[in-house]
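The next block holds one structure in the form of structure tokens; read it before the comments.
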Amino acid sequence: NAGVMQNPRHLVRRRGQEARLRCSPMKGHSHVYWYRQLPEEGLKFMVYLQKENIIDESGMPKERFSAEFPKEGPSILRIQQVVRGDSAAYFCASSPSATTNEKLFFGSGTQLSVL
Amino acid sequence: AQSVTQPDIHITVSEGASLELRCNYSYGATPYLFWYVQSPGQGLQLLLKYFSGDTLVQGIKGFEAEFKRSQSSFNLRKPSVHWSDAAEYFCAVAPDPYYGGSQGNLIFGKGTKLSVKP
């Protein structure tokens, strides 16, 4: 039973390029969450998605960042025109339902480095 | 606004010694509280959680935590630390959806890095 899979593990981009981070939730999970961890910081919530719907994007920067979770395939976090400040670890989590009694299963993260 | 404070950035303990990691939260209603562990290059693993009921919560790997409402604390403890416990530990609070919080919108502390001396 594979856990939450994120790829790539490491992603290097130059300023101005686009970064696409992928997250495949655990089997049977239809709720996905993205978090960002800046150096020396805790994880910060970015967005919560169900299949084909964005439920809560209160933590997403207003510009350049977008997320989707299509009916088929992984969830994608897309960062356009990356800047050095986007360098961080991006974690995805999934859960089988929408209650806080369900624990979140986290992936191993994608480390984004912007040169 | 809700917040989580982990006062200790880095703690070093000897193997076999007891451990207590501190966590204080600021939240208006009854919180849902979590402790996660992150080993290098790994995702977060849930150690334990508190939602209601008994204020002493048992988790995996021999960890426990005690919820103290009067002190707004949720400290993590282990009676005897093993070298494999070296990792970073995060305390988190989940806002109650009834009060406007969203599922999955956990608020994390900045973490405490644990080193274990042989």
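With loosely packed, with under 14 Cβ neighbours inside 10 Å and within 22 Å of A:F106 (Cα to Cα) as the only criterion, which of B:G41, B:G16 stands out?
Values: B:G16 fails: within 22 Å of A:F106 (Cα to Cα).
Among B:G41, B:G16, only B:G41 is loosely packed, with under 14 Cβ neighbours inside 10 Å and within 22 Å of A:F106 (Cα to Cα).
When you scan the range A:12-67, how many residues do you find that are within 13 Å of chain B (Cβ to nearest Cβ), assigned to a loop (DSSP other than H, G, I, E, B) and either more than 15 Å from B:F108 (Cβ to Cβ) or of a type outside the set (A, V, I, L, M) (or both)?
Residues flagged as within 13 Å of chain B (Cβ to nearest Cβ), assigned to a loop (DSSP other than H, G, I, E, B) and either more than 15 Å from B:F108 (Cβ to Cβ) or of a type outside the set (A, V, I, L, M) (or both) within the range A:12-67 amount to 12.
Residues to consider are B:Y36, B:Y25; find the one that is among the hydroxyl-bearing types (S, T, Y), over 19 Å from A:W34 (Cα atoms) and part of a strand (DSSP E or B).
On the way: B:Y36 fails: over 19 Å from A:W34 (Cα atoms).
None of the other options fit; the residue is B:Y25.
Against the conditions (1) farther than 20 Å from B:E88 by Cα; (2) surrounded by fewer than 13 Cβ atoms within 10 Å (Cβ to Cβ), where does A:S30 fall short? Just the number, please.
(2)
Being within 11 Å of chain A (Cβ to nearest Cβ) and farther than 14 Å from B:V93 by Cα narrows it down to one residue among B:L21, B:L48, B:L56, B:L44; which is it? Talk me through it step by step, then tell me what you get.
Details: B:L21 fails: within 11 Å of chain A (Cβ to nearest Cβ); B:L48 fails: farther than 14 Å from B:V93 by Cα; B:L56 fails: within 11 Å of chain A (Cβ to nearest Cβ).
B:L44 is the lone residue from the list that is within 11 Å of chain A (Cβ to nearest Cβ) and farther than 14 Å from B:V93 by Cα.
Among the residues of the range A:68-115, what is the count of those that are over 20 Å from B:I107 (Cβ atoms), among the basic types (K, R) and either touching a strand residue (DSSP E or B) at 6+ places or on another chain (Cβ under 8 Å) or crowded, with 21+ Cβ neighbours inside 10 Å (or both)?
2
No value in this document is a laboratory result; all are computed from the given coordinates. Being a predicted model, the structure only gives us computed values, none of them experimental. As a convention, Cβ positions derive from the backbone with ideal geometry for all residues, glycine included, and neighbour counts pool all protein chains shown.
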